[in-house]
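What follows is one structure encoded as structure tokens, with my remarks underneath.
The values are calculated or read from the model by the stated rules, or taken from the named source; none is laboratory data. No experiment lies behind these values; they were computed from the predicted model shown. Neighbour counts run over all protein chains shown; Cβ positions are idealised from the backbone, glycine included. Side chains are part of the model used for accessible areas, which takes the heavy atoms of the whole protein and leaves out ligands, DNA and RNA. Shrake-Rupley method; radii C 1.70, N 1.55, O 1.52, S 1.80 Å.
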Amino acid sequence: MGLRTWIRAHYDEAGPVQGLAFALDLVTALALMTLMLITCIDVVGRYFFNSPLTGSSEMTEVFIAVVVFAQMPRVTWRGGHVVVDVLDHFVPSVWSRLCACITVLLVSGSFFGLGLRVWELAERSLKRGEATEYLAIPVGHVVQYIALMSWITAATMLVYGFFTMVCRPGRLRHLSAEGEGE
């Protein structure tokens, strides 16, 4: 089975989003594997050779940021956020859709604003030459990655909102508390 066939079999997305989903999952998988290796090397070095891995805490921080922010767009466009629909059965569907629309706009606007502010902090960090203590990893590049992924999440939230409200409005009623839907 070729890579394209495997991706088509395991990813529900279509078109370029399918490739993006695979790329984000690949980045996440590689980051998690790296975290596992860092931890193993650090533990073995610390307890058997009395020499821990230099900079392991810095690398762990960076790779955790990579994992978390690589999956935010995926969680968003799959509708994987936790949804509490306590009042949806008691209010008219028009109100429910209006609340969903407001929520989509607030969440996407928040992620966009967060991305702007984080980008400013990244520029300031790069301008000052801030780097991690042991490995001298430029902090600004990691922060830029966080800003970019926040913007991508904002865009995917808008697309998800449009899709669920305009293209498939019945889906809003079927989202479960786990966000797996239908």
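At a glance:
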{"quantity": "Which of A136, P92, V118, positive extreme of dipole for the range 61-157 (C-beta unit charges)", "calculated": "P92"}
{"quantity": "Helix runs (DSSP H) in the chain reaching 27 Å along axis by Cα, Kyte-Doolittle at least 1.0", "calculated": "16-48, 139-162"}
{"quantity": "Built amide H within the under 5 Å cut-off of A131, gap 5+", "calculated": "V139"}
{"quantity": "Probe 1.4 Å - accessible area at V68, Å² to nearest ten", "calculated": "70 Å²"}
{"quantity": "The range 16-165 - percent of accessible surface contributed by carbon and sulfur, probe 1.4 Å", "calculated": "73 percent"}
{"quantity": "Value of relative contact order over the range 1-63, rounded to a whole percent, pairs C-alpha under 8 Å and six or more apart", "calculated": "23 percent"}
{"quantity": "Kirkwood Rh in Å, taken over the range 3-179 so that all alpha-carbon pairs contribute", "calculated": "18.7 Å"}
{"quantity": "Full-extension gain in nm, V83 to L105, via 0.36 nm per residue minus C-alpha separation", "calculated": "6.3 nm"}
{"quantity": "Potential extension, M165-R46 segment - 0.36 nm per residue separation minus Cα distance", "calculated": "37.5 nm"}
{"quantity": "The range 95-151 - Rg over Rh from alpha carbon coordinates, Kirkwood radius", "calculated": "1.25"}
{"quantity": "Projected label distance in nm at R8 and A29, using a 7 Å step from Cα toward the beta-carbon", "calculated": "1.9 nm"}
